[in-house]
Amino acid sequence: VIDRVIEQMSDWSATAISEYSHKDLPWEVTDEGKEISYELAFYRELPYSVRVYDENED
């Protein structure tokens, strides 16, 4: 995953990375200055989530 992210963003500016990350759900739903909950990672959607969940999992 890390290598994929490095490849994807290696030519992005700091501003571009910041703008991209601030559109991700965990950032958007967390109040400014508050810690972003790890649990929010499980509610991310493409293009931010890299895991494909099987909706039939129990």
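With each label modelled as a point 7 angstrom along the Cα→C-beta vector, the residue 21-residue 34 pair spans 1.9 nm. Output ³J(HN,Hα) for segment 37-50: one whole-Hz value per residue in order, computed from phi by the Karplus curve 6.51 cos²θ - 1.76 cosθ + 1.60 with θ = phi - 60°, and x for Gly and Pro. With the stated coefficients, segment 37-50 comes to 5, 4, 4, 5, 4, 7, 10, 6, 10, 4, x, 7, 7, 9 Hz. Mind running the shape call on the chain? Use the C-alpha gyration tensor, a ≥ b ≥ c as the square roots of the eigenvalues: rounded below 1.5 for a/c, prolate if a/b tops b/c, oblate otherwise. The shape class here is oblate.
None of the figures in this text is laboratory data; all of them are computed from the coordinates on show. None of these values were measured; they are calculated from a predicted model. Cβ coordinates were reconstructed from backbone atoms using ideal geometry, including for glycine residues, and neighbour counts include every protein chain displayed.
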